[in-house]
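Here the structure is laid out as structure tokens; the discussion comes afterwards.
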Amino acid sequence: KGRIFDRPREVLARRKDETSFPAEIAISAFQMDGEWYAAGNVRDITRRKQDEQELKRLANTDALTGIYNRRRFLELAGQEVARARRYGGPLTMLMLDLDHFKAVNDNYGHKAGDLVLQSMVRVCRQVLREVDIFGRVGGEEFMALLPETGLEGARNVAERLRAAVAAESPSVDGTQISCTTSVGVAALEPDMSLEKLMKAVDEALYQAKEAGRNRA
């Protein structure tokens, strides 16, 4: 009698051809001529689910490069820091900053600058693992969090990233543009918060730039 479900429910439905699709099902009971009946409807919500996923993607990723934006990166980084502190596993952070990037925009235009950033992200993703968390945290500043990686291993990754970026020369309207990056490396220490880890890696990046740039 009355509503059979307290509210519409989302289920995975199956077509006659055995393919599946997300559906919303609602069933209620009603009385007619002294008899109770159930009436229900099943609605295909594939498009709605696709729209929800797209909105989630837009909220979590940087529009230009397709990697995590600052908000999502910090959210995931906070979770990894909490996990590392709880279980005692190693965790390191890298901070990358493209050297003299303003000169690229000034000399070649912002379109060229965008292409350089996209190229840099592409080569970095080839070096980083799937479990590593990579995000754009500023205009030409990027951070990578390396779970289960100690300081020495992180330094090796930082050097590989530096070399990969330096070897890349994206072409913009027939002009090859080379760019280098400086990389800071810091390891999570006992009782260190995410904020302190970020401060430590920022200081390491500053030292790399002061030492001449294009180094980790």
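The values are calculated or read from the model by the stated rules, or taken from the named source; none is laboratory data. A quick note: this is a predicted structure, and the numbers were derived from the prediction, not measured. In this analysis, Cβ positions are derived from the backbone assuming ideal geometry, glycine residues included, and neighbour counts consider all displayed protein chains. The accessibility values were calculated without ligands, DNA or RNA, using every heavy atom of the protein model including side chains. Shrake-Rupley method; radii C 1.70, N 1.55, O 1.52, S 1.80 Å.
Summed over region 38-60, the residues that are farther than 30 Å from ARG71 by Cβ and open to solvent by 100 Å² or more (accessible area, probe 1.4 Å) give a count of 1. Specify the residue that is most open to solvent (accessible area, probe 1.4 Å); the eligible residues are those in region 61-80 that are hydrophobic (A, V, I, L, M, F, W, C) and within 10 Å of LEU194 (Cα to Cα). Filtering region 61-80 for residues that are hydrophobic (A, V, I, L, M, F, W, C) and within 10 Å of LEU194 (Cα to Cα), the one most open to solvent (accessible area, probe 1.4 Å) comes out as LEU74. Any idea which of (1) over 30 Å from SER171 (Cβ atoms); (2) in contact (Cβ under 8 Å) with a residue 12 or more places away in the chain; (3) within 25 Å of the chain's Cα centre (by Cα) is the one GLU54 doesn't satisfy? With respect to (1) over 30 Å from SER171 (Cβ atoms); (2) in contact (Cβ under 8 Å) with a residue 12 or more places away in the chain; (3) within 25 Å of the chain's Cα centre (by Cα), GLU54 is out only on (2). Can you say whether ASP6 is part of a loop (DSSP other than H, G, I, E, B), modelled with pLDDT of 90 or more and open to solvent by 60 Å² or more (accessible area, probe 1.4 Å), as far as the supplied structure shows? Here the answer is no, as ASP6 does not meet what is asked.
Annotation for region 59-71: at least one member residue is over 24 Å from ALA158 (Cβ atoms) and in contact with a strand residue (DSSP E or B) (Cβ under 7 Å, 6 or more places away or on another chain). Return a yes/no flag: does region 89-96 have any residue that is part of a helix (DSSP H, G or I) and either among the acidic types (Asp, Glu) or open to solvent by 40 Å² or more (accessible area, probe 1.4 Å) (or both). No, that holds for no residue.
Pairing residues of region 137-158 that are over 21 Å from VAL104 (Cβ atoms) with residues that are aromatic (Phe, Trp, Tyr) and open to solvent by less than 30 Å² (accessible area, probe 1.4 Å), at Cβ distances under 7 Å and at least 6 apart in sequence or on separate chains, gives ALA144/PHE134. Restricting attention to region 161-190 and to residues that are within 12 Å of ARG213 (Cβ to Cβ) and among the polar types (S, T, N, Q), the residue that is surrounded by the fewest Cβ atoms within 10 Å (Cβ to Cβ) turns out to be THR180.
What are the residues in region 179-202 that are farther than 26 Å from ASP114 by Cα and in contact with a strand residue (DSSP E or B) (Cβ under 7 Å, 6 or more places away or on another chain), if any? Result: ALA186, ALA187, LEU188, LEU197, ALA200. Working only within region 191-216, note down all residues that are open to solvent by 40 Å² or more (accessible area, probe 1.4 Å), more than 20 Å from GLN126 (Cβ to Cβ) and not in a helix (DSSP H, G or I). Result: ASP191, ALA211, GLY212, ARG213, ARG215.
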